[in-house]
1. Working carefully through the options 102, 63, 48, 111, find the one that is in contact with a strand residue (DSSP E or B) (Cβ under 6 Å, 6 or more places away or on another chain), modelled with pLDDT of 95 or more and under 23 Å from residue 158 (Cα atoms).
2. Just wondering, is there one or more residues in the stretch 11-20 that are assigned to a strand (DSSP E or B), more than 16 Å from ligand 2 (Cβ to nearest atom), touching a residue at least 60 places away in the same chain (Cβ under 8 Å) and surrounded by 14 or more Cβ atoms within 10 Å (Cβ to Cβ)?
3. Say we look at the stretch 61-100 and pick out the residues that are within 19 Å of residue 28 (Cβ to Cβ) and buried (at least 22 other Cβ atoms within 10 Å of the Cβ); which of these is farthest from the chain's Cα centre (by Cα)?
4. Quick one: would you say residue 151 is more than 19 Å from residue 12 (Cα to Cα) and in a helix (DSSP H, G or I)?
5. Looking only at residues that are surrounded by 15 or more Cβ atoms within 10 Å (Cβ to Cβ) and away from ligand 1 (no atom under 13 Å from the Cβ) in the stretch 21-37, which one is nearest to residue 80 (Cα to Cα)?
6. Criterion first (within 16 Å of ligand 1 (Cβ to nearest atom) and under 19 Å from the mean Cα position of the chain (by Cα)) does residue 58 satisfy it?
7. Restrict the check to the stretch 48-60 and report whether at least one residue is within 14 Å of ligand 2 (Cβ to nearest atom), loosely packed, with under 15 Cβ neighbours inside 10 Å and closer than 19 Å to residue 148 by Cα.
8. Which numbered condition in (1) surrounded by 14 or more Cβ atoms within 10 Å (Cβ to Cβ); (2) part of a helix (DSSP H, G or I) is the only one that residue 158 fails?
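The values are calculated or read from the model by the stated rules, or taken from the named source; none is laboratory data. Source: prediction; values computed, not measured. For neighbour counting, all protein chains shown are included, and Cβ atoms are generated from backbone atoms with ideal geometry for every residue, glycine included.
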Ligand code: FES
Ligand code: FES
């Protein structure tokens, strides 16, 4: 018999309390229980990044996160990024640079880029950051490395990098 638990999360500024099977992933909480279908289920195995959301300000694969493990967390999805009538700067840059084709990976790419820019601002180095660098810069190779967990089957990578580069400037 399924084990049930009450999970309360703040999703895009709105408190949600749900009684869930303890095996429910955060991705299923968002998509199946709250109807927020922006985060996509690409692989459901932590391999594609299509499900990326922000958990307490940090990017994470929602398909690998158990909802019960994030009771009390603050979640931001692609639906929560825009500010009233104006898109988030990354959303605007993706449109400007034509950084998608089918768009399936795009919510995850954008949420991941938001988290990634925060990591750079906090001074977190990546695998390709020059050892000993005072602070990591954000050239194209840094962006490619830092965004490598987000797969785009349409191959829109050059435009994704250009969009993120513009916002980082
Ligand atoms: S659906 Fe989560 S990483 Fe692919
Ligand atoms: S735009 Fe189609 S998967 Fe990235």
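1. After applying the criteria, what remains is 111.
2. For the stretch 11-20, residues assigned to a strand (DSSP E or B), more than 16 Å from ligand 2 (Cβ to nearest atom), touching a residue at least 60 places away in the same chain (Cβ under 8 Å) and surrounded by 14 or more Cβ atoms within 10 Å (Cβ to Cβ): present.
3. Top of the filtered list is 67.
4. no
5. Looking at residues that are surrounded by 15 or more Cβ atoms within 10 Å (Cβ to Cβ) and away from ligand 1 (no atom under 13 Å from the Cβ), I get 36.
6. yes
7. no
8. (1)
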